[in-house]
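Throughout, read-outs are computed from the coordinates displayed, never taken from laboratory work. Because the structure is a prediction, the values reported are computed rather than measured. With ideal geometry, Cβ positions are generated from the backbone for all residues, glycine too; neighbour counts draw on all protein chains shown.
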Amino acid sequence: NAEASVCPWRTEELRSSEGGHHLFCTAASQNITYKELKKLLHSKSKSNFLIDVREPWEILQCGQIPGSLNIPLGEIDQALQMNSEDFKEKYNQDMPSKSDNLVFCCLGGVRSKKALSTALLLGYESARHYPGGWKEWESYEYPEKKK
């Protein structure tokens, strides 16, 4: 597998609900770069969802990527399985469908990678994550803060 050979992280094994095993590389196709994310956010498509999986206090303290929806990592599994009315009531936004583009982000890519694994297991095939997270976004968007 050519993709696995270039994977900077270990290949992960996930058990499916049918008892089978799936090996996938968490790099390459499931990562999104700053430029790709910026393009996705500017597209204004209703099928694009950026989900920040940090805790609400972290977002208040640090800031968040404009247009992102906050669903803490501990709620992701439950949130992605809610019915659409409950989701809209809790998060004040339409529920993503399994075919929508989901991008998870956090501070530096660790929690968003876990959220990505959860979403893939739940059947969200177009899910990806932004490994640079808020730290990288902030360095591009607000370089003056680095002084």
Rounded to the nearest Å, what's the spacing between the alpha carbon centres of region 59-96 and region 97-112? Just the number, please. 11
Sorted by Cβ density within 10 Å, fewest first, the residues Phe87, Phe104: Phe87, Phe104
In this structure, the FRET efficiency calculated for Gln93 and Glu125 from their beta-carbon separation, with R0 = 30 Å, to the nearest 0.05, is 0.90
Hull surface over four for the Cα convex hull of region 78-147, reported in nm², is 5.4
Length added when fully stretched, Lys38-Leu60, from 0.36 nm per residue minus Cα-Cα: 5.8 nm
Working out 0.36 nm times the residue gap between Lys46 and Tyr140, then minus their Cα-Cα distance, what length gain in nm do you get to one decimal? 31.3 nm
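Mind sorting Leu107, Leu122 by how few other Cβ atoms lie within 10 Å of their own Cβ, fewest first?
Leu122, Leu107
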List the pairs from Lys39/Lys90; Lys114/Lys135; Lys46/Lys113; Lys44/Lys88; Lys98/Lys135; Lys88/Lys135 whose alpha-carbon separation is above 25 Å, in the order I gave them. Lys39/Lys90; Lys98/Lys135; Lys88/Lys135
